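Peer 1: Encoded as structure tokens, here's the structure I'll be asking about.
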Amino acid sequence: VDAIVAKRTGYGVITLRTGAKDGWAFIEVEDDGVGMDEETRERAFEPFYTTKGEKGTGLGLSMVYSIMQRHEGLVEIESEVGVGTKVRLLFPIRTIEAPVKAKELLGEMPSLRILLIDDDTRVLSTVKEMLATMGHKVDTADSGEDGIKKFMEAYSRGETYGLVITDLGMPKVSGVDVLRKVKEISPTTPVIVLSGWGSEAMPKDADGFVTKPPRMYDLRTAIAGILKNQQNVGM
């Protein structure tokens, strides 16, 4: 905005540049406007200092300076009266370690037969793909009612699911209803609840909780926790 205001006529050139040099990433804004004299340049970052009269607040560049300080960055100004001004923002380039993959952190896990229940078909498709990527076999149901039906049918055939993952907030038959019915039929079958309402919404009988939208790491962590608990119980 300052570069636009600094134009000497209705026309002018404003140039934006980005790049990196000597461990710093930078953004430059250069104009061919009226430029600054030495006093103005030295006072440019002072709060409430302005050369725009009543139209200016004198807070623009001081706010920029404050933000850059919080990011441990620098602000440089080059200016010449009648030639123009260049403002350069410099950000330190930091090296961070690559994130540890969930598989490396949590180790291998056995393939489970999972019943996934959610009334949102997009979530259903995404989570199914995540679970399949982990090596699990997944059956899906797009309602609590259909989920209970599939669980009961499998149980009657002696094909109990190793895990049920259900959305909490579904119409008619909710995730709580699914949880109660699964535990009534097969108390040892673990149930993970998905919800965007926060972990405080987790029913007390649930074996795990994953916040929506779910991430693969969170799903894998929840499943690994259940498997670990089962191993401890069996010892």
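Each value in this text was obtained by applying a stated rule to the coordinates, not by laboratory testing. It should be emphasised that the depicted structure is a prediction, and the values quoted were computed from it without experimental measurement. Heads up, the Cβs are rebuilt from the backbone with ideal geometry, glycines too, and the neighbour counts pull from every protein chain shown.
Peer 1: Only sites in a loop by DSSP and with at most 10 other Cβ atoms within 10 Å count here; which trypsin sites (Lys or Arg not before Pro) in region 112-201 make the cut?
Peer 2: Sparse-neighbourhood loop trypsin sites (Lys or Arg not before Pro): ARG157, LYS172.
Peer 1: Find how much the distance from ALA201 to ILE185 grows on full extension, using 0.36 nm per residue of separation minus their present alpha carbon separation; answer in nm with one decimal.
Peer 2: 3.4 nm
Peer 1: With charges only on Cβ, +1 for K and R and -1 for D and E, what is the dipole size of region 102-234 about its Cα centre, in debye, rounded to 20?
Peer 2: Dipole about the Cα centre, nearest 20: 220 debye.
Peer 1: Compute the distance in nm between two label points, each set 7 Å from the Cα along the Cα-to-Cβ direction, one at GLU159 and one at ILE93.
Peer 2: That separation, rounded to one decimal, is 5.6 nm.
Peer 1: P(r) for region 102-234, please, calculated from all Cα pair distances in 5 Å bins and given in %.
Peer 2: 2, 11, 23, 26, 22, 12, 4, 1, 0
Peer 1: Alpha carbons only, please: Rg and Dmax for region 108-176, in angstrom.
Peer 2: 11.8, 38
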